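See below for the structure under consideration.
The values are calculated or read from the model by the stated rules, or taken from the named source; none is laboratory data. Predicted model, so just to flag it, every value in this text is computed and none were measured. Cβ sites come from the backbone with ideal geometry, for glycine too, and all protein chains shown count toward neighbours.
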Amino acid sequence: MAFYQDQIAVLDLILGHRIAAHAQCELGPLREVLGYLDPVGIFDRLERLAGADAAQQRQGGHGRGARIDQLERLTRATAVVLYTRSDGGSNVCSGTLLADADPETRIPYLVIAHHCIPDQARASSVETFWGIVQRLAVRPRFAAPERVTGGADLLSAHESIDTVLLRLRGEPPQTAVFADWSARLPETDTPLISVHHPHGQTAKIARGRVIHYWNCADVVYCGANAETDAIHYFGVSYEEGLTSGGSSGAGGFSG
């Protein structure tokens, strides 16, 4: 696990018991270490896209600048959400800032997983961290993220679909993006992309396709009086990247 504070990288290594006694750790140059902390390669991938974009423009093509812009917008719409449990411990999830019907407003609606924030007590403890990835076309400068405190109000909670809608009490930074959304169920084979923060780390990318649908009973996370024949979840087969603890709450975007 890695996190950043005051431009210092802190790296925790978790090793299996069979290799822990014989493991040796050697830190290479900073650039190489940053590569290890970004195993899914968001920065390398964006640099390649930027290079391909420039090459296509030199050849008279349309380029892929729109793809880079999309990834940057998704990153700016996603926050690390820190919350405190009733036992005093803390965890992190990802949260996605949602646009409302009026494009001129900046009401900070945040969608997150129910298993992260199931009640108002946890919602009141919420802190969000923005701008962990500040510039996506080059390798990042790990400045401290923008922190928004004050908690949130829980507006809607649905255990059977593992979804909660919050309204942050603090104002997100001006650089934050409010993501468009749809209530329509995606069809099978729909390509999806998610930008998320596993374990509170810098943004990672996961790409995949919808492959099947689930009832909440299939994942053993149902609310009271959940419909036994309803579709509560869709399954995604990853083609690139993966998710992990702390990724919950990140959006799945088509395109």
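Okay, here's what the table says:
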{"quantity": "Lone unmet requirement of (1) over 19 Å from P108 (Cα atoms); (2) surrounded by fewer than 16 Cβ atoms within 10 Å (Cβ to Cβ) for G200", "calculated": "(2)"}
{"quantity": "Elements of type strands (runs of 3 or more DSSP E) in segment 146-255, at least 1 residues being basic (K, R)", "calculated": "146-148, 163-168, 204-214"}
{"quantity": "Qualifying positions in segment 185-218 - in contact (Cβ under 8 Å) with a residue 40 or more places away in the chain and closer than 16 Å to H158 by Cα", "calculated": "C216"}
{"quantity": "Filtered residue count, segment 203-228, keeping only those that are exposed (fewer than 14 other Cβ atoms within 10 Å of the Cβ), among the polar types (S, T, N, Q) and modelled with pLDDT of 90 or more", "calculated": "0"}
{"quantity": "Qualifying residue in segment 205-218 (condition: under 19 Å from the mean Cα position of the chain (by Cα), among the charged types (D, E, K, R) and not assigned by TED's automatic domain parsing to the domain that holds A101)", "calculated": "yes"}
{"quantity": "Output for segment 198-243, where each listed residue is among the hydroxyl-bearing types (S, T, Y) and within 17 Å of T75 (Cα to Cα)", "calculated": "T202, T243"}
